[in-house]
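Below you'll find the structure, written out as structure tokens, and then a few comments.
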Amino acid sequence: MYRYDEFDHDVVQSRVKQFRGQVKRRLEGALTEEQFRPLRLQNGLYLQLHAYMLRVAVPYGTLNSKQLRQLAMISEKYDRGYGHVTTRQNMQFNWPQLPEVPDILQDLADVEMHCFQTSGNCIRNVTSDPYAGATADEIEDPRPTAELLRQWSTMHPEFAFLPRKFKIAVTAAPNDRAVIKAHDIGIEIVKNEKGEVGYHIIVGGGLGRTPIIGVTLNEFLPREELLPYLEAVMRVYNRYGRRDNKYKARIKILVTETGIDAFRQMVDAEYESLEPSDIAVSEAEISRITDYFASPQFEDAPDDSAFEAAKSDEDFANWADNNLSAHKQAGYSIVNISLKPHDRAPGDVTADQMRAVADLADKYSFGEIRTTHQQNMVLPHVKKADLQALYEGLKAAELAADNIGLISDIICCPGMDYCALATARSIPVSQAIAERFSDPKRQRAIGEMSIKISGCINACGHHHVGNIGILGLEKAGVEFYQVKLGGDSSENAAIGQVTGPGFSQEELVDGIERMVDFYLDSRTGAEKFIDTFKRVGIDPFKEVLYGNA
Amino acid sequence: MTANELREGYSVWLTEDLTWSTDYADAALTEDPEIIAKMQSVADRDVEANEVVGAYFIDIDPETKLPARYRERFRVTGPSNDLGEEIEKD
């Protein structure tokens, strides 16, 4: 993992000191709420529906065990004993109190963490593939690139007041686990015909009230040109992005209104005017950063016969079948930890569970943990021979749900239960669906499918790219839910199609069940839900959703 | 009249004795213009004094006596799912 250098340490410590002073002045009345609000937001502190909420940055979803234990401690000392993993791989605390927030920031700084740029119209926390550095299908580990972007974008003076927030994701695998096409900039690390590694730059994607799949801005950007080129993109956006209407201020609107060819010309012109050597990063610096992400010392082809033998335990076998992913090193697995028990809010994790995951990471995964945009956690490097012992540890911590990628592995924003922007609740809907499909056998029979729920049009729950996407709205004091079908967050990214009028929560769950039953009756071979949907189209699914079939 | 406490951030409502309560049951419900004016001035004073932030009046359903707007009803009831309550019980 990346370790802070003296500059990182100084920046974080000075920011804590600065915010402590700002909070003191606010409490003393030297700052009004209007003056203080942008300052607290720049430190990830929101005032939500019922209380303050603090959003902690987890750069590219990578944590070490010490950091996770510190988050557990913070949740108990200053909050209500739990945290919430967000769809940007961050962690939120729902109940901090203003006078204590500077102490929280100090405790975070002590483990090289902070809340920079988890709010506001700046470049937000860069996200990445939670399997980075572990998966066999990547060209290289994307984390050094993500770290480079973190360093470049952190407190970048030119991009602190953009027209709107700006989200970047990086992946290095053809299987997109970072939803790069739904980001302001998506970066795919690729190889060209000569075998050189560079960047496929995608721009103008995004969800929110105007969902758009990003388009290619640059098919292959040489590695050394990354920062100057992104600087050019950001300058074009900063200059021409709309500031008159916040709903049209994202770069996706600029790209759409300008047209990708004209936008590319503007970027190229800006790039030509730059002095790239001013910000281009040397090979030596890239190498320095990359060294921090060197693979752990894996054993050479460790014996995994114990793993195969342990599969005689049906529960373990089911968990292993569903929650493990292929590792680049023979004899190892990537372990997905579900934070989706059907009776809890997706992504919630208690302090005890955080400590349990940290301990298991130390014991079995070189102390590394990842958070995922699906609101789960990952132990990236577990020896297969240790999987059964790990599973027992997860079971003891009530973290052994075997539903990764299945119908109850629902992405869900906090909704009206916590968020000041929400129009309806999303958590109870998620729980009702998970409850309806709680039978593990039934879930496995249905197979891979995604349900994503947002409690308002801002789409933090990624409903536009769910196989089934649900949007919570409210009319005359009554919640109702609109349904989209056919969305896809993978490398085949697609925006779902709206089905029609909305439903009550109860009608919605019944309608989803009818669609699932229809899929099971209609699928051929190994078709997933999305495959059947693509083959038969939306109409028959709508028929059963509305009970007309 | 409702607001959020500056320090804790919790939702609060102005009571008949013109103090702030985290319990909606204590909230003053009135259509009397004189009392409304008095409530506004107290809210302005307490915003100025950095006791509360974002003070505003809400409409009440005359039958249920609960806030008319869905969002405001939620500020009264609190989240329908708070893991903190479960942890506290344990």
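No lab work stands behind these numbers, since they all come straight from the coordinates. Predicted, not measured: the structure shown is a model, and the values here were computed from it. Virtual Cβ from ideal backbone geometry, glycine too; neighbours counted across all protein chains shown.
Return the lysines within reach of A:K194: Cα separation strictly under 25 angstrom, same-chain partners fewer than 8 residues apart disregarded; answer none if there are no such residues.
Result set, ordered by chain and number: A:K328.
Just in the range A:358-439: which trypsin sites (Lys or Arg not before Pro) are loop by DSSP and have at most 11 other Cβ atoms within 10 Å?
none
Restricting the count to DSSP beta bridges whose residues both fall in the protein assembly as shown, what percent are antiparallel, rounded to a multiple of 5?
80
If you average the C-alpha positions of the range B:30-90 and of the range A:121-200 separately, how far apart do those two centres end up, in angstrom?
Comparing the Cα centres of the range B:30-90 and the range A:121-200, I get a distance of 43 Å.
Just going by the charge dipole of the protein assembly as shown, with Lys and Arg at +1 and Asp and Glu at -1 on Cβ, which of A:A385, A:G347, A:L207 is farthest out on the positive end?
A:L207
Tell me whether the protein assembly as shown comes out rounded, prolate or oblate; compute the Cα gyration tensor, take square roots of the eigenvalues as a ≥ b ≥ c, and use a/c under 1.5 as the rounded threshold.
Taking the square roots of the gyration eigenvalues as a ≥ b ≥ c, the protein assembly as shown is rounded.
Nearest 20 debye, what's the magnitude of the dipole of chain B about its Cα centre given +1 on Lys and Arg Cβ and -1 on Asp and Glu Cβ?
Dipole of chain B, to the nearest 20 debye: 280 debye.
Count the DSSP beta bridges whose two residues both fall in the range A:83-237, then state the antiparallel fraction as a percent rounded to the nearest 5.
The antiparallel proportion sits near 70 percent.
Size of the dipole of chain A about the Cα centre, Lys and Arg at +1 and Asp and Glu at -1 on the beta carbon, nothing else charged, in debye to 20?
With Lys and Arg at +1 and Asp and Glu at -1, about 1900 debye.
Can you list residues whose amide H is under 5 Å from A:Y52's amide H, if they're 5+ apart or on another chain and H is modeled 1.01 Å from N?
Placed amide hydrogens put nothing under 5 Å from A:Y52.
With a ≥ b ≥ c the root eigenvalues of the C-alpha gyration tensor of chain B, is it rounded (a/c under 1.5), prolate (a/b larger than b/c) or oblate?
oblate
Report ³J(HN,Hα) in whole Hz for each residue of the range A:143-151, in order, from the Karplus equation J = 6.51 cos²θ - 1.76 cosθ + 1.60 where θ = phi - 60°; Gly and Pro get x.
Karplus values, whole Hz, x for Gly and Pro: 5, x, 5, 4, 5, 4, 5, 4, 5.
Please tell me the relative contact order of the range A:305-396 in percent, rounded to the nearest whole number, where contacts are Cα pairs under 8 Å and at least six residues apart.
Normalised by residue count, the contact order of the range A:305-396 is 32 percent.
Over chain A, what is the relative contact order in percent, taking alpha-carbon pairs closer than 8 angstrom and at least six residues apart?
13
List the chymotrypsin sites (Phe, Trp or Tyr not before Pro) within the range A:1-89 that DSSP assigns to loop and that have no more than 15 neighbouring Cβ atoms inside 10 Å.
A:Y4
Given Cα pairs under 8 Å that are at least 6 residues apart, what percent is the relative contact order of chain B?
26
Identify unpaired cysteines across chain A, taking unpaired to mean no other cysteine Cβ lies under 4.7 Å from the residue's Cβ.
Isolated Cys, chain A: A:C115, A:C122, A:C412, A:C419, A:C456.
At what distance in nm do the modelled label points of A:F220 and A:V197 sit from each other, each positioned 7 Å from its Cα along Cα→Cβ?
The two pseudo-label positions are separated by 1.6 nm.
Mind listing the phi-derived Karplus ³J(HN,Hα) values for the range A:242-248, rounded to whole Hz, using 6.51, -1.76 and 1.60 with θ = phi - 60°, and x for any glycine or proline?
Those phi angles translate into 6, 10, 8, 8, 5, 7, 10 Hz.
For the range A:462-496 and the range A:62-89, what is the separation of their C-alpha centers, rounded to whole Å?
The range A:462-496 and the range A:62-89 have Cα centres separated by 29 Å.
Could you tell me the center-to-center distance, by alpha carbons, between the range A:291-353 and the range B:2-28 in angstrom?
48
Shape of the range A:134-291 from its Cα gyration tensor (a ≥ b ≥ c, root eigenvalues): rounded if a/c is under 1.5, otherwise prolate when a/b > b/c, or oblate?
Prolate.
In whole Hz, with x marking every Gly and Pro, tabulate ³J(HN,Hα) for the range A:7-13 from phi via Karplus 6.51 cos²θ - 1.76 cosθ + 1.60, θ = phi - 60°.
Each residue's phi maps through the Karplus curve to give 6, 4, 4, 5, 4, 5, 5 Hz.
Local charge sum around A:G204 (other residues, Cβ-Cβ under 9 Å, Lys/Arg +1, Asp/Glu -1)?
Around A:G204, the charge tally is +1.
Please go through the range A:170-201 and write out the GluC sites (Glu not before Pro) that DSSP classes as loop and that have at most 16 other C-beta atoms within 10 Å.
A:E193, A:E196
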